[in-house]
């Protein structure tokens, strides 16, 4: 793994936030997933990875599945009226997509830290397609410049370089069961901010995420 740094339009992260559409696990709904994340903590704690979830069991922290990023302008340059138009288009588009379930796991160390892959992914890809259609109607083609690869939930982001090989061995040998269900019945429009600050035990700088909720958009039903 390498030190993670967030990117915006292929460059440095802007001052302030950027709008994203997320799926966020919930306590009381996705408890098996939250328990899986906690089981991974003891393994990733030995590596330069900043967990996206607190030590308290049942707290989802900053766990999220990224559906899309609004890439044409940072949040500060998007008016309230433009945000309302985006929410309206998302609401209309997702009203035709029923809630569905998928699974996440197994945990995998990668170049940016540690993730849970999402599978099956067919309905997640349909969700992405509909969200992108709504974003294009609201903001134009230039707003879609994000490619997050395979759908996944990040368990934590790396703040220094380290080998992922040993981490993957530990995750494989110690984290059982290795998969958990995720219910997707809504998405969240978030104002996401990344700041670089001391994270490691020796004050090593790393990037930490926070967000503010702008809107919650339900799927059909």
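Numerical summary
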{"quantity": "Hits in the range 130-153 - residues which are in a helix (DSSP H, G or I) and either within 15 Å of the chain's Cα centre (by Cα) or surrounded by 13 or more Cβ atoms within 10 Å (Cβ to Cβ) (or both)", "calculated": "130, 131, 132, 133, 134, 135, 136, 137, 138, 139, 143"}
{"quantity": "Conditions (1) more than 15 Å from the chain's Cα centre (by Cα); (2) outside any helix (DSSP H, G or I); (3) surrounded by fewer than 17 Cβ atoms within 10 Å (Cβ to Cβ): number failed by residue 165", "calculated": "(2)"}
{"quantity": "Unmet criterion (only one of (1) outside any loop (DSSP other than H, G, I, E, B); (2) in contact with a strand residue (DSSP E or B) (Cβ under 7 Å, 6 or more places away or on another chain); (3) closer than 24 Å to residue 32 by Cβ) for residue 126", "calculated": "(2)"}
{"quantity": "Selection within the range 177-216 - in contact (Cβ under 8 Å) with a residue 12 or more places away in the chain and in a loop (DSSP other than H, G, I, E, B)", "calculated": "177, 178, 179, 185, 199, 200, 204"}
{"quantity": "Residue within the range 48-57 that is over 16 Å from the mean Cα position of the chain (by Cα) and buried (at least 20 other Cβ atoms within 10 Å of the Cβ) present", "calculated": "yes"}
{"quantity": "Residue within the range 173-188 that is in contact with a strand residue (DSSP E or B) (Cβ under 8 Å, 6 or more places away or on another chain), surrounded by 14 or more Cβ atoms within 10 Å (Cβ to Cβ), under 20 Å from residue 118 (Cβ atoms) and at pLDDT below 95 present", "calculated": "yes"}
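The values are calculated or read from the model by the stated rules, or taken from the named source; none is laboratory data. Given the structure is predicted, the values throughout are model-derived calculations rather than measurements. Cβ coordinates were reconstructed from backbone atoms using ideal geometry, including for glycine residues, and neighbour counts include every protein chain displayed.
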